[in-house]
1. What angle do you read, to the nearest 10 degrees and between 0 and 90, between the alpha-carbon axis of helix B:150-162 and the longest principal axis of chain B?
2. Choose one answer from A:158, A:185, A:107: the residue with the largest mean-square fluctuation in a GNM of chain A with alpha-carbon springs under 10 Å.
3. Can you list, shortest first in nanometers, how far residue A:179 lies from the same residue in the other copies, with each label 7 Å from Cα toward Cβ?
4. Calculate the mean, over all residues of peptide A:7-15, of how many other protein chain Cβ atoms lie within 10 angstrom of the residue's Cβ.
5. Out of the DSSP beta bridges found with both residues in the protein assembly as shown, what percent are antiparallel (nearest 5)?
6. Any chance you could check the Cα centroid distance between the stretch A:1-65 and the stretch B:109-125 for me, in angstrom?
7. Under a GNM of chain B (C-alpha, springs under 10 Å), which listed residue has the highest mean-square fluctuation: B:17, B:84, B:110?
8. Find the eigenvalues of the gyration tensor of the Cα atoms of the stretch B:8-56, then list the square roots of 5 times those eigenvalues as equivalent ellipsoid semi-axes, largest first, in whole angstrom.
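Read-outs throughout are calculated quantities, based only on the coordinates presented, and are distinct from any laboratory measurement. Quick caveat: nothing in here was measured; it's all calculated off a predicted structure. Don't worry about glycine lacking a Cβ; one is built from the backbone with ideal geometry, like all the others, and counts go over all protein chains shown.
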């Protein structure tokens, strides 16, 4: 913008909105305008909701999820299967699995995956708390829901090794053709994994 | 989402973010997660910027722009040409023209366009203040920067009629081929307008 079209407060709001994923400089400007124009209907409640969440959000000391309570909503939910524990890298992965609604379990958020290149070692992740939780809570099955990347699979192997002595079944997500996926758009690695893990019809 | 994955505070934040233009339910969830994870670097400053803007934003009594000061930044800018006044429907149009940087003028925000179907009449828009401003400020040229829609052009005609007695030149934006536009994608109305307004090379 060649000249200041509005006060620094509005420019600062635009700059901060532009740092949200999914919003660029242009859409952040549109979002700021929408907020300014819907002052009472949108801007005031959003400000209050942000301030509320900002004051209340904590990291769950049990699973590493982020929520407004500790233990978090998922850990407090008595209706979830007690013997199942799903290991995820990130809170975003926890939310994605909950969206899928395919299981009714508790989670353990590692806070990342092992990555020698980025200097992320076992001590940087919530792996010790995972191991002690598996023993204390008498978990029957640990589902490693980690990405099908080199680092994700390295992390899965590392955790599997640590849990080898424990009386626990360790599983990982199936690899194969994504639902709705077309074969000729898939990479060779996925196709090979899908063939190796083929199931009888 | 089948079950509550987080406290109501976070769900409310997601719902409010989803009402911003450019964000849907899914990207609002990603934005909320980004905020939660970047608590100090993003969530706290954004909350402060919103609260700051919310407390300070006012409508400029001179031109109808929204800003944190009255008169607004544009009206206060002494470097703008005094004899030029650009009439726009909305604050968003003012921002768009400022982005283009093609003129260095003051604005008058109507707050919409005349629309008999939607029940928007002359009294609902900042038209009386425009007319008195043109006389008081001794404006030399009024540029009607209104959309090339039926309602926009109706509004332009209405204002032109009101200003017929005043010593002021009234102009409107040129209609024609958009820069970068290809002829075979353009509608007949635009092509006809571009041919009518053809210029000698």
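1. Its long axis makes an angle of about 50 degrees.
2. A:185
3. From this label point to the equivalent ones elsewhere in the assembly: 4.8 nm.
4. 6
5. Close to 20 percent.
6. So the separation of the two Cα centres works out to 30 Å.
7. Result for chain B, Cα springs under 10 Å: B:17 fluctuates most.
8. Three semi-axes, in Å: 18, 14, 10.
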